[in-house]
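The values are calculated or read from the model by the stated rules, or taken from the named source; none is laboratory data. Keep in mind the model is a prediction, meaning the values are calculated, not measured. Every residue, glycine among them, receives a Cβ derived from its backbone with ideal geometry; neighbour counts consider all protein chains shown. Side chains are part of the model used for accessible areas, which takes the heavy atoms of the whole protein and leaves out ligands, DNA and RNA. Shrake-Rupley method; radii C 1.70, N 1.55, O 1.52, S 1.80 Å.
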Amino acid sequence: VLELLRGVQRGSEDRKRSLSHLRWALQNKETQQKFVRLDGSIRTLIGLFTSSLADMQMEAARCLHELSHSSDPAVAEACLPVTSYLLTYLSGQSVEFTELCLYTLGNLVVESEAVRKQLLPQGIIPVLASCIQSPHEAVLEGLGYVLSQLLQAKEAPTEIIPLVLDSVLPQHMLRLVCSGLKAGIGAAVEFAWCLHYIICSHTANAALLSLGALPALTSLLLDLASEIPQDAPEGLELLVCPVLRCLSNLLAEETGCEDQIQDERLLIALFLILQCFLQQHPFIVQECLWLLNNLTADEPFFCSALLSLDLLPALLQLLPCSQMASVLVLTVLCNIAEKGPAYCQQLHQQPALPLLLPTLTLPNPEVVGQCLELLHLLFLHWPEAAADFVRQGGHQALEQHQSTPELQERARALLNMVGQPLGASAFSPCHATLSAFS
């Protein structure tokens, strides 16, 4: 490493070769640590990085990029003197060079709070805001990467997100996300995650809603679902995931938002996405169900639409997918049943009870508990369901839970209800909106 550094410092004819060899050597973790401890190492790289020789400048940028991959905060902090130059060169003419500077910045801010603390007063947010109108997809994707790393920092809610909200970044991020595949899926994915991190901070939702985030993201989801019957582009699930989370979290945090997106096509889009990704990307199922829960939690519009569009059979088919999917499907059904007798009558008419009976025999108390809550709502609002439940042998399924500590009280209450179908019990329905994963 020392020889390579000396070769670079000497300025000999083979300097570029030494720099190239150094770049390859810096892919090694131990080499990175040794290099930054050598006297004048970073200063030498900065000298070449800021030189007028384009080939030397690019090679030095690649060396700095390799250093930025280090998970050692000491290496990131050794690169502190280069941060101001990285920001300056974001306005350069070379797309490749700008992209390299962006990813180097993004890598550095992940590992070091000291780097983030230095970049904020240096004006990283205004500089990034000036880059977001770049016509180059590679630059936009790199910019999204830097922003997503900044927005995940522990100090983001108090120190970074307010600066972002005061810039033009949110409206342009929303525009680029909603342009979906047209702007390039990589850039759209990065900016969708940026919006997600902003929403999860709970400080920016009013600003995003005022920009029309809910109808815009809903429209994007409809567009993405329309791509599915054709040849869905590779990586589509990577964009669908954060878009679903953004919508779920906006609905969880704000009341009355459902009025902005009362569109039955949203439910059809959700079930198309579920059908498309169920086998290869089952994590998308969970995301769709989080959103479906938040749509149906308070607003009867989507409960009615789910029934009128005959989507209940498709929802019930998701019960065996996973433990979390079972809980969420049952929670959505509770949301529907909670709306009253007419809804419970329709749930009873659609053969839901035969599918609920096997659920009661599962060894998972959380799933069984949610199933008991659904049965309570059905029996309370539509007593005919209780009689039907007994005829199908549900009484025995309830009796087996009388000895389970966390379930016995609810099981006994239901046994009383099926004995006296018009009676009431002390259940407390749980149908609140749920924040998606942050």
Under the condition of being under 34 Å from the mean Cα position of the chain (by Cα) and of a type in the set (Val, Ile, Thr), which residue from the range 46-84 is surrounded by the fewest Cβ atoms within 10 Å (Cβ to Cβ)?
-> Thr83
Only one residue in Ser219, Ser179 is among the hydroxyl-bearing types (Ser, Thr, Tyr) and surrounded by 16 or more Cβ atoms within 10 Å (Cβ to Cβ). Which one?
-> Ser219
So which pairs qualify, if the first residue must be in the range 400-416 and farther than 24 Å from Asp388 by Cβ, the second must be surrounded by fewer than 19 Cβ atoms within 10 Å (Cβ to Cβ) and modelled with pLDDT of 85 or more, the Cβ gap must be under 6 Å, and the two must be at least 6 apart or on different chains?
-> Glu406/Pro365
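Could you pull out every one of the helices (runs of 4 or more DSSP H) wholly within the range 167-228 that has 3 or more residues that are over 26 Å from Ile124 (Cβ atoms)?
Details: elements: 169-178, 185-200, 205-210, 213-227.
Where helices (runs of 4 or more DSSP H) fall fully within the range 167-228 and carry at least 3 residues being over 26 Å from Ile124 (Cβ atoms), they are 213-227.
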What pairs can you find where one residue is in the range 312-339 and polar (S, T, N, Q), the other is part of a helix (DSSP H, G or I) and open to solvent by less than 10 Å² (accessible area, probe 1.4 Å), and their Cβ atoms are less than 6 Å apart, with a gap of 6+ or different chains?
-> Ser326/Val367; Thr331/Asn293; Asn335/Thr296
Taking the range 86-115 and keeping residues of a type in the set (Ser, Thr, Tyr), open to solvent by 50 Å² or more (accessible area, probe 1.4 Å) and under 26 Å from the mean Cα position of the chain (by Cα) leaves Tyr103
Would you be able to say whether some residue in the range 384-391 is within 21 Å of Thr331 (Cα to Cα), surrounded by fewer than 21 Cβ atoms within 10 Å (Cβ to Cβ) and in contact (Cβ under 8 Å) with a residue 40 or more places away in the chain?
-> no
Scan Gln349, Gln370, Gln345 and give me the residue that is over 32 Å from the mean Cα position of the chain (by Cα), open to solvent by 10 Å² or more (accessible area, probe 1.4 Å) and touching a residue at least 12 places away in the same chain (Cβ under 8 Å).
-> Gln345
In the range 28-37, residue nearest to Leu2 (Cα to Cα) [restricted to those that are of a type outside the set (D, E, K, R) and touching a residue at least 24 places away in the same chain (Cβ under 8 Å)] | Phe35
Filter the range 192-215 for residues that are open to solvent by less than 30 Å² (accessible area, probe 1.4 Å) and of a type in the set (Gly, Ala, Ser); the one that is farthest from Pro170 (Cα to Cα) is Ser201
Can you name the residue in the range 264-314 that is aromatic (Phe, Trp, Tyr) and open to solvent by 50 Å² or more (accessible area, probe 1.4 Å) and is also nearest to the chain's Cα centre (by Cα) among such residues?
-> Phe283
